[in-house]
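Asker: Sharing a structure with you now.
Please treat every number below as a calculation from the coordinates, not as lab data. The shown structure was predicted, so the numbers you read here are calculated from the model rather than taken from an experiment. Counting neighbours? That spans all protein chains shown, and the Cβs are built from the backbone with ideal geometry, glycine included.
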């Protein structure tokens, strides 16, 4: 009898936890969306970066709650937690190294490739034709979908 | 009682039982999800690297600004995608409830929550199908990018290539998740788990489904918010 009682208690406990985590996830998502809407009206690069950083932190918090509670990892034995989490530490290197590399490549090109630098400063009215020419056949098959695009005969 | 617990914890590596204290299938599901996390991670990091290495990038709020049955030229950024996000979170919650009901051997509750999860998955896929179709009608596809960079300069096709590849890969995972859940539902309704005496299979399907939700958290943030 007492076994059934603890079983019911445990069930109620789990349901409480699920409700709690659902609310946390919803609230975090709403905050993320609010920040997203707020960011639309902001031009300053520094502030935008700060908001983006906050969104990333909220994203990681959401990921933690999903993995820890929904996927139940927090209640598993330490061995299992370690065997899952330790290998994923590679992401620390993976993200840092590649983003730094991408950033460095942009800086190098801006410094040594005048064409690349110039390209990014030219404002255009409409999408370049260059890519459309590559897809000329496809566009033509679409029948009038993008035929208003100017064709340059060069 | 407490002495037994201490003895088993200290002897996790003593042999005779899994040191991870889960059944084989669940452990392998975790390892599969880790490898899948690395795949998605590689995709998203590649996207980030390319974005970091270019000067301009299209503004997501100007690209994803419509929703079904909206008037032409409507400007409602983030609205549709937030609905998609909540659909996936809710379907994840019903999946947790299905797993919990399975632990309590409540067949009916398992079936109901699985059906709700499947409906959520199909709703998400329908939303994504609409969005892809809408973007395609605007001239966006692999190799075609009609959107300008946020600063008004010409954009490359990197934006659409990454968007369709990564959301497509995620959508394919959702599709497989729905199929797995349908299989679980059939197995539940045909009493397969009752005969086995446990619903452990639902837990593995649940892990996969939560992972799909987890990936969406990252995809949603990387493509729509930042």
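Asker: Run the quick spin-label model on residue A:13 and residue A:47: label points 7 Å from Cα toward the beta carbon, then report their separation in nm to one decimal.
Answerer: 4.8 nm
Asker: Further question on the same structure: Once you have all Cα-Cα distances for the stretch A:1-87, histogram them in 5 Å bins from zero and send the whole-percent values.
Answerer: Whole-percent P(r) values from 0 Å outward: 3, 12, 16, 15, 14, 13, 10, 7, 5, 3, 1, 1, 0, 0.
Asker: Taking just the C-alpha trace of the protein assembly as shown, give me its Rg and Dmax in Å.
Answerer: When restricted to Cα atoms, the protein assembly as shown yields Rg and Dmax of 24.1, 88 Å.
Asker: For the stretch B:39-152, what is the largest minus smallest coordinate of the Cα atoms on each principal axis, given in angstrom and ordered from greatest to least?
Answerer: 59, 37, 20
Asker: Using a basic spin-label model with each label point 7 Å from the Cα along Cα→Cβ, how many nm lie between residue B:12 and residue A:23?
Answerer: 3.2 nm
Asker: According to a simple spin-label model (label point 7 Å from Cα along Cα-to-Cβ), what is the distance in nm between residue A:105 and residue B:136?
Answerer: For residue B:136 paired with residue A:105, the spin-label model returns 2.9 nm.
Asker: Name all residues of the stretch B:100-136 having a backbone nitrogen under 17 Å from the label point set 7 Å from the Cα of residue B:190 along its Cα→Cβ direction, giving them as ranges.
Answerer: Of the residues in the stretch B:100-136, B:111 have backbone N under 17 Å from the label point off residue B:190.
Asker: With just the Cα atoms defining each centre, how far is the stretch A:32-58 from the stretch B:194-216? Give it in Å.
Answerer: Using only Cα atoms, the two centres lie 35 Å from each other.
Asker: Right, here's the next one. Relative contact order for chain B: what is it in percent, counting Cα pairs under 8 Å that are at least 6 residues apart? Mind dumping the intermediate values first?
Answerer: Working: 218 pairs, mean separation 59.8, N = 226.
That works out to 26 percent.
Asker: Let me ask you something else. In square nanometres, what is one fourth of the surface area of the convex hull spanned by the alpha carbons of the stretch B:24-225?
Answerer: Numbers: hull surface 47.4 nm².
In nm², the orientation-averaged hull projection of the stretch B:24-225 is 11.8.
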